[in-house]
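Each remark here refers to the structure printed beneath this line.
The values are calculated or read from the model by the stated rules, or taken from the named source; none is laboratory data. Computed from a prediction, not measured in an experiment: that's the story for all the values here. With ideal geometry, Cβ positions are generated from the backbone for all residues, glycine too; neighbour counts draw on all protein chains shown. Quick note on the areas: whole protein, heavy atoms, side chains included, nothing else; ligands and nucleic acids left out. Shrake-Rupley method; radii C 1.70, N 1.55, O 1.52, S 1.80 Å.
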Amino acid sequence: MTAHRAEHAYVEDHSPGTGRLAPRAAFTSDAPRLSLDGDWRFRLAPGTHALTDCFEDPGHDDTGWHLLAVPSCWQMSGVPGPPVHGAPAYTNLVFPFPVDPPRVPDTNPTGEYRREFALPEDWPADGSATLRFEGVDSCFAVWLNGVRLGDGKGSRLPTEFDATAALRPGRNVLAVRVHQWSAGSYLEDQDMWWLSGIFRSVALLHRPAAGVRDYFVHADYDHRTGLGTLRVDCDSPDARITVPGLRLGLAAGESATVPVEPWTAETPRLYDGVLSTGTERVPLRIGFRTVSVENGLLLVNGRRILLRGVNRHEWDPDTGRTLSLATMLHDIRMMKQHNINAVRTSHYPPDSAFLELCDEYGLWVVDECDLETHGFFLTGWRDNPSDDPRWREAYLDRMSRMVERDKNRPSVIMWSLGNESGTGQNLRAMADWTHTRDPGRPVHYEGDWDSGYVDVYSRMYADHAETDRIGRRAEDPTTDPALDEHRRSLPFVLCEYAHAMGNGPGGLSEYQRLFEQHPRCQGGFVWEWIDHGIRQRTADGEEFFAYGGDFGEPVHDGNFVADGLVFPDRVPSPGLVEYKKVVEPVRVTIDTATRTVVVHNGHDFAGTGHLRFLWRVEDEGVTAGEGELSVPHVAGGATAFVPWPDDLTKLPDPAVERWLTVSAVLAEDTSWADAGHEVAWGQTMLTSPPAVQVPPTGIAPTTTGRYVELGAGVFDAYSGSLVRLGELTLDGPRLDLWRAPTDNDLRGWRGSVAAQWRAAGLHRLEHKVLAVDSDGGALTVRTRVAAAGTDTAMMTAYRWTADPTHRGRLWLTVQVEPVGEWPFPLPRLGVRAAVPASYDTVTWFGAGPGEAYPDTCAAARVSRHSSDVTGLQTPYVYPQENGSRAGVRWARLDDTAPEPTDGLLVLGTPHFAFSVRPWTSEDLDAARHSTDLVRRDRVYLTVDTGLQGIGSASCGPGVLPQFQLPTRPTTFTIGWQTAVPAS
Ligand code: GAL
């Protein structure tokens, strides 16, 4: 091997690194620390072959180099404009290079970083100096003042080097060479953007002689006695621990048992302490809690917990995997505000500051190792590192670096070996090592369904029926009865479920019911928290979020990277709002027969003392009475029955539909939300008015030339279309079956329903008018709706009558009858009309305020809602069907033009769903990014009697049968009225 190749051999060997210090706990202390974050000099070479000069030489002239922020991902520099250094690339599992482990391509973008720093004059002369990198992707070598300190791999794990010998007083020059690809890349095939560089902080740490190198806090809680036992192991034998709040003073290794308040995600009680040697003081934050698996259940402090979790990648649309503390805190506050109580750190340990915040704010954490070899699946798992002894050291190295770093975090209740890395001896070795090092936490790994060396049975995307079987411990057997027996003895978690790609996920409520019904089903983690879109701008400066392929990647997985509960800019998507409702920790139900409010406290630990309960009665969405309900303190798991207050029972009966809503809100400000923040709610209908009467016949139509007049309506006598209603000119309603396919419609393990729809031509239906008849009291239009090239059709009759008792009101009864083969559910069944774009305000009485589909409607409440048209659109990163409002009794569109004409009122018999868009479904279907959608001069109103559910087939089960829209003869009636005075 030539010297030049040999110099870079570390990039492609199995070794996790050389010259590194042993892993240890993440902590800060009073010892001096010099942050090396900030602008560094940077240049990018296309591969190691292109490196010609000695950049590590302290005298090297780097004045012509770029400046690059540390920490940052170099491909993100320039974003939201065009990337300056390389470009982001997205693949799910396919490796973007030939699979030839441990070798990687010679075209291996290599970033050279240089930074000068002055050692502070008061930097202590004693002890040692450690250079700490929190995360460098994917492989790097380090020189200080021209002295090579070592090299490392393991992108999202810390690496430390001993800098003592190379460090000088005054000016120092640090040089770091980072390679985009390395042998480590084979172990880091997570479904995310490939991004490189020094993406987490760098610091120089003074390590005092006789200081603390490492420590391990053991703080157990015995729920039977209410006592906590503290022992802190420390490799400085003379270390002492004090916890003033507990009046404890202990030597390292000594234990004490005292009454404590336990730590839980619901009650994150931390005790401040100090670990000190003669030369160093380390602040401690101690949470007492005990995690165990007993009788097939995962327990914390002796109780079964229910995980209402999310998978969280570290993501920011402008900085990639480099996150500010403010962003981490923002995520945690949003999670808490949306009733989320658990995080799986998919699929690598996050910035350790995030875990400290989880301790403080209270979230259960499954800390996952930086390991995924999913790309080997595509080559039949041949040469999978998980079962190859040459990779054993690298696997163990990764696990120990995570466990050692995070072992003092009470929020971490489970260790996860990694994700989707197949099966093999190295995984078992990781689990064995972890069980020995930290017997206090269960070990998780999903990829080996035998679950032979883990403590919980974990799966991803199991459908409802299988989850139910697992819940009953009646899952399908394998070929090994001993393993089956072992597995059946384990608690069950869905480490991923409910794929939140685009519109959805549907079916959350049905999963939650199983989690609440079967003790073994201890909840799960929705895939995933955030869409990994990258902020970009069009030529005219309009912002959109880019996904795979947008940076010209030859191999990519498109928008599969945008599958979160929050949009890339962290605006909650309807999926998050739905999840909040589905997992609410308090269930409020209203029993009208006994006139009681039933409050069930679903917290695992916390009582309801932090909540107030408010009631409100609305008559057709208008408040008729409200007040506070006096609810006794309800312990976790308990239920209270509260009689309705007098103010409520005494309200006079209304003539309209009346609803009672009871909300549980925070009584006081917390660290994560303000007083008044709604945690849970329930509502029920108290009175319903008589159903709307549709007169069988009405005013007789009259025909004049090419128009037919019927009440306030004017129809085209040839097409039978309503062209005018009072003052309003419109393109009258006609059958609409199409929706712009959602990601869940498009993809599917069991085939794509959207492909069936398209093959049948539902996106290009033609409406052939067969007859336009005006008889005594109605106008009837018969059509045959069919796609080119097929002989199947939807025979459709529109029967219009004018209501003699309501001026300006027409009734439309649509009768549809499928003819021929329709072997799939319909996307939607409704009618679409177009009105002038100035009709851009919508008010409705029905479910809202957000979008709701048959299987995503838990969070929508019945009230009077209003929105402008823009507010009715949900800006999915990949445009698709969105924005439908459900359970609508009536909706009115108002004209906000300077000289407005009358509003348009649409009435249900009883309910319908509507969407109002400034573009058509066909426009939505054709768009690839939000900026492809251009407003038209019309607003399109779709009124649906039915919609296909959403499901989560983009990665998981499809729409449950009860939420599918069957193709069958259907009749529905909608009222259309103008001349409604604006209210
Ligand atoms: C899982 C995987 C995740 C993600 C998800 C689909 O199989 O663990 O990383 O790829 O599917 O979005």
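Let me check I've understood the local charge: for residue 304, count other residues with C-beta under 10 angstrom from its C-beta, Lys and Arg +1, Asp and Glu -1. What total comes out? Spell out each step's value before the answer.
On the way: positive: 303, 520; negative: 294, 604.
Local charge sum for residue 304: 0.
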Per residue accessible area of the range 295-580, 1.4 Å probe, in Å²: 29 Å²
Helix 425-437 axis, angle to the chain major axis (alpha carbon atoms, nearest 10°): 70 degrees
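Jot down the per residue volume, in cubic angstrom and as a whole number, of the convex hull over the alpha-carbon atoms of the chain. Mind showing how you got there, number by number?
Details: hull volume 187.5 nm³, N = 983.
Cα convex hull per residue, to the nearest whole number: 191 Å³.
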Mean ellipticity per residue at 222 nm, deg cm²/dmol - from DSSP H runs of n ≥ 4 across the chain, formula -39500 (n - 2.57): -3000 deg cm²/dmol
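Using a 1.4 Å probe on the protein chains only, how many percent of the accessible area of the range 170-289 belongs to carbon and sulfur? Walk me through the intermediate numbers first.
Numbers: 2050 of 4050 Å².
Roughly 50 percent of what the probe reaches on the range 170-289 is carbon or sulfur.
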Spin-label model distance (nm) - residue 238 vs residue 94, 7 Å beyond Cα toward Cβ: 6.2 nm
In degrees, nearest ten, helix 352-361 long axis to first principal axis of the chain (Cα): 60 degrees
Reach of residue 650 by Cα under 16 Å, taken over aspartates and glutamates that are not fewer than 8 positions away in the same chain: 618, 619, 626, 628
Full-stretch length increase - residue 589, residue 393 - with 0.36 nm per residue and alpha-carbon distance subtracted: 65.1 nm
Simple spin-label estimate for residue 731 and residue 118 in nanometres, 7 Å along Cα-Cβ: 7.1 nm
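Can you give me the % of accessible surface on the range 847-983 that is carbon or sulfur? Probe 1.4 Å, all protein chains present, nothing else counted.
Carbon with sulfur: 54 percent of the solvent-accessible area.
Starting from the Cα-Cα distance between residue 449 and residue 791, subtract it from 0.36 nm times their residue separation and give me the gain in nm to one decimal.
Values: separation 342, 0.36 × 342 = 123.12 nm, distance 4.80 nm.
Taking residue 449 through residue 791 to full extension adds about 118.3 nm, to one decimal.
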Modelled FRET efficiency - R0 45 Å, residue 685 with residue 247, Cβ distances, 0.05 increments: 0.20
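With r defined as the distance between the Cβ atoms of residue 318 and residue 968 and R0 fixed at 60 Å, what FRET efficiency is calculated, to the nearest 0.05? Intermediate results must be reported in sequence, preceding the final value.
Details: r = 49 Å, r/R0 = 0.82.
Calculated value: 0.75.
Placing +1 at every Lys and Arg Cβ and -1 at every Asp and Glu Cβ, with all other atoms neutral, what dipole size does the chain have around its Cα centre, in debye to the nearest 20? Could you put the intermediate results ahead of the total?
Values: 92 positive and 131 negative charges, 281 e Å.
I would put it at about 1340 debye.
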Estimated inter-spin distance, residue 1 and residue 749, nm [label 7 Å along Cα→Cβ]: 4.3 nm
Lysines whose Cα lies under 29 Å from that of residue 407, excluding same-chain neighbours fewer than 8 positions away: 153, 336
Gained length - residue 165 relative to residue 28, 0.36 nm times residue gap less alpha-carbon distance: 47.1 nm
Between the range 545-578 and the range 593-666, the alpha-carbon center distance in angstrom: 39 Å
Calculated FRET value between residue 432 and residue 478, using beta carbons and R₀ = 25 Å, to 0.05: 0.70
Summed residue charge, Cβ within 15 Å of residue 648's Cβ, Lys/Arg positive, Asp/Glu negative: -4
Angle between the chain longest axis and helix 392-406 axis [Cα atoms, degrees, rounded to 10]: 80 degrees
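Starting from the range 580-684, pick out the GluC sites (Glu not before Pro) whose DSSP state is loop and whose Cβ has at most 15 other Cβ atoms within 10 Å.
Working: sites: 618, 620, 626, 628, 657, 668, 678; in loops: 620, 657, 668.
For GluC sites (Glu not before Pro) across the range 580-684 that sit outside H, G, I, E and B with at most 15 neighbouring Cβ atoms in 10 Å, the list reads 668.
Given a 1.4 angstrom probe, what's the average accessible area per residue across the range 652-740, in square angstrom? Walk me through the numbers on the way to the answer.
Numbers: 4160 Å² over 89 residues.
For the range 652-740, the solvent-accessible area averages 47 Å² per residue.
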Loop-resident sites, the range 500-609, for trypsin sites (Lys or Arg not before Pro), counting at most 16 other Cβ within 10 Å (DSSP): 595
Residue-normalised accessible area of the range 174-249, given per residue in Å² at a 1.4 Å probe: 31 Å²
Sum of side-chain charges, residue 255 neighbourhood, beta-carbon under 11 Å (Lys, Arg +1; Asp, Glu -1): -2
